[in-house]
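Below you'll find the structure, written out as structure tokens, and then a few comments.
The values are calculated or read from the model by the stated rules, or taken from the named source; none is laboratory data. Note that the coordinates shown come from a computational prediction; the quantities given were computed from them, not determined experimentally. Using ideal geometry, Cβ is built from the backbone for each residue, glycine included, and neighbour counts are taken over all protein chains shown.
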Amino acid sequence: MPEYIIKINEMYLLYSSVVDSPTTWGMSYNELQTLIKVERGNEGIRELSKRMVRVEEKGTSCHLDTSARDTLINNHAGPDGIELTLDEIYEAYCLRKPILNNWKPKEA
């Protein structure tokens, strides 16, 4: 599963291009390292250092994108799969505030 590291305001989260949504809550770099170590072992940690170069340069580990905003275009991170802005993703997944701005239930 393609999964990118996204950095927003000094917080890191994993983002899946399969479900077009974050798959973790926002976390510190130390928490990210611990998660990668647990899930992927020493190989994951070795790979992490390479990926972090891109993350620190442009906000995303995705080779093709130039920013975290690019990676998050057309996401389905909000209620009922609506697209959230970078700021809304930060609030919902890093600050863990409910996202209700501009949200409308799907019409029947």
Problem set entry | Candidates Asn102, Asn9, Asn30, filtered to the one that is on the phi > 0 side of the Ramachandran plot, of a type outside the set (Gly, Ala, Ser) and modelled with pLDDT of 95 or more | Asn9
Seminar exercise, completed: Checked pairs for the range 46-64, first under 16 Å from Tyr15 (Cβ atoms), second hydroxyl-bearing (Ser, Thr, Tyr) and part of a helix (DSSP H, G or I), C-beta under 9 Å and 6 or more apart or across chains, list as Met52/Tyr29; Gly59/Thr71; Thr60/Thr71; Ser61/Thr71; Cys62/Thr71; Leu64/Thr71
Seminar exercise, completed: A careful count of residues in the range 14-27 that are surrounded by fewer than 17 Cβ atoms within 10 Å (Cβ to Cβ) and under 16 Å from Ser61 (Cα atoms) gives 5
Seminar exercise, completed: Output for Cβ contacts, cut-off 6 Å, separation at least six or different chains, first residue in a strand (DSSP E or B) in the range 22-44, second surrounded by 12 or more Cβ atoms within 10 Å (Cβ to Cβ) and among the hydroxyl-bearing types (Ser, Thr, Tyr), reads Pro22/Tyr15; Pro22/Tyr93; Met27/Tyr12
Exercise. Considering the range 37-53 alone, what residues qualify as being over 14 Å from the mean Cα position of the chain (by Cα) and surrounded by 17 or more Cβ atoms within 10 Å (Cβ to Cβ)?
Worked result: Leu48
